[in-house]
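Working notes, beginning with the structure itself.
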Amino acid sequence: MSESTPILRLKKNEERRLKAGHEWIYANEVDTDSAALKTLPAGAACVVQDSRGKVLGRALLSPHSLIAARLYSRDAKQEPSRSFFKKRIEQARVLRDTLYPEPFYRLIYGEADGLPGLVVDRFGDTLVVQTGTAGMEAHLETVAAALDAVLQPANIVLKNEASVRELEGLPLYTRAFKGEVPERLTLRENGANFEAPLRDGQKTGWFYDHREARRRMAPLAKGARVLDVFAYCGGWGVQAACAGAREVTGVDSSALALEYMHRNAELNGVQEGLRTIEGDAMEVLKALAADGEKFDLVILDPPAFIKRRKDFKNGLAGYHAINELALRLIKPGGYLISASCSMHLPADKLLDVMRASARHIDRNLQVLGYQGQGPDHPIHPSIPETAYLKSWFARVLFGF
């Protein structure tokens, strides 16, 4: 630790959460009498102390954010060096290669892998990297060099287009650190082949987090008429077709996403039973109901309706509306898979949404099971925010 290393001292009793294992330091927890927070350099590695000066660890600074700093080590001398990043990346790689026989997975999942603010998805010989904090952005070149040293991929793409970056004054861009920015990504999931758009796709291009839920869906899809709502590139719908669905309808507002859904159906030889509808999900479901359409299985995998706590009331109403519309389209004895990626919506609250929506239209549910995110998105037990994904599987009964 050099004399120029910033010191972040906390107010009295604000260290309790950190000592219990959490790694975020909020701006209102910082003793601003000891250091003017907003004058500290964004991205710098600072030493965190409690109100008495006891060292708690090292953190990366984001002084203009609500989360002002994130611990990356409990060792006060640990610099965010290339060797440090290499060690953490190698630890993450060993876990994923233990879990998955092929190199298609989330390689780095932020705090859960000891690298706060960093996400890396692996698509064979292409790595797609995202940073969401000023702290990690400042060390991005070092991180990318460490990724190259550990994995030697053909392409390392820095895809930083998420609007959350603007909250920390970070620019939006996509560029290659190594190799090129491919037009599309290729991957395999649960035995199915997929392509996904990179530059114009969502997030890193693909959503690996639902892999386990999609595997769990397979027996429900066999012989079924399936409706995949918010279908994106067909992660759910194409795998339903591969599992033996007799017909799959994909709904999405993006023409590009549905183009890729058709492409992926062709890659797997299941294009004959696929139709797609481009449009707003709510309006499409209303139109299907008006036409008397019925399905054996409806899958709801919407974007986050509750992005911030203050959005909770309106977002919850959105979940009620979409679930009720879906339930109206399900045949007696059919199935609903209802998912949410909203961190602020607890799993039990989503189940309550499904129950209330069913009762509102005189249906009953048999809950078959629950699935969270896959193990390449491990959960940090002291940071509940890392457990964001939930999916409930239910059978829909009439007059029961």
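Starting from residues that are polar (S, T, N, Q) and more than 17 Å from the chain's Cα centre (by Cα), keep the ones in region 328-383 and report whichever is nearest to Asp97 (Cα to Cα).
Ser382
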(message) Restricting to region 8-29, count the residues that are farther than 12 Å from Ala59 by Cβ and aliphatic (A, V, I, L, M).
(response) 2
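So which of Leu151, Leu185, Leu198, Leu118 ends up being within 30 Å of Ile25 (Cβ to Cβ) and aliphatic (A, V, I, L, M)?
Sole residue among the options that is within 30 Å of Ile25 (Cβ to Cβ) and aliphatic (A, V, I, L, M): Leu118.
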(request) Look at region 197-208 and say how many of its residues are over 10 Å from Asp121 (Cβ atoms) and not in a loop (DSSP other than H, G, I, E, B). (result) 1
(request) Residue by residue through region 218-231, note down the ones that are crowded, with 24+ Cβ neighbours inside 10 Å and within 22 Å of the chain's Cα centre (by Cα). (result) Asp228, Val229, Ala231
(request) Return the total of residues in region 82-118 being among the aliphatic types (A, V, I, L, M), touching a residue at least 60 places away in the same chain (Cβ under 8 Å) and either farther than 11 Å from Val143 by Cβ or assigned by TED's automatic domain parsing to the domain that holds Thr386 (or both). (result) 4
(request) Would you list the helices (runs of 4 or more DSSP H) that sit entirely within region 216-318 and hold 2 or more residues that are within 30 Å of Ala162 (Cα to Cα) and in contact with a Phe, Trp or Tyr (Cβ under 6 Å, 6 or more places away or on another chain)? (result) 255-267
(request) Output the number of residues of region 174-204 satisfying the condition of being at positive phi, at pLDDT 95 or above and of a type outside the set (S, T, N, Q). (result) 2
(message) Anything in region 365-399 that is free of Cβ contacts under 8 Å to residues at least 40 places away in the same chain and part of a helix (DSSP H, G or I)? List them, or say none.
(response) Pro384
(request) Look at region 127-160 and say how many of its residues are outside any helix (DSSP H, G or I), touching a residue at least 40 places away in the same chain (Cβ under 8 Å) and within 19 Å of the chain's Cα centre (by Cα). (result) 6
(request) Among residues belonging to region 46-75 that are assigned to a loop (DSSP other than H, G, I, E, B) and buried (at least 19 other Cβ atoms within 10 Å of the Cβ), point out the one that is modelled with the highest pLDDT. (result) Asp50
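Taking region 333-364, which residues are among the small types (Gly, Ala, Ser) and free of Cβ contacts under 8 Å to residues at least 40 places away in the same chain?
If the condition is that a residue be among the small types (Gly, Ala, Ser) and free of Cβ contacts under 8 Å to residues at least 40 places away in the same chain, then Ala356, Ser357, Ala358 are the ones that fit.
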(request) Can you run down the residue pairs with Cβ atoms below 7 Å, 6 or more apart or on separate chains, where the first is in region 253-273 and more than 20 Å from Arg199 (Cβ to Cβ) and the partner is β-branched (Val, Ile, Thr) and not in a loop (DSSP other than H, G, I, E, B)? (result) Ala265/Val238; Asn268/Val238; Val270/Val238; Gly273/Val248
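The values are calculated or read from the model by the stated rules, or taken from the named source; none is laboratory data. Predicted, not measured: the structure shown is a model, and the values here were computed from it. Glycine also receives a Cβ, built like all others from the backbone with ideal geometry; neighbour counts cover every protein chain displayed.
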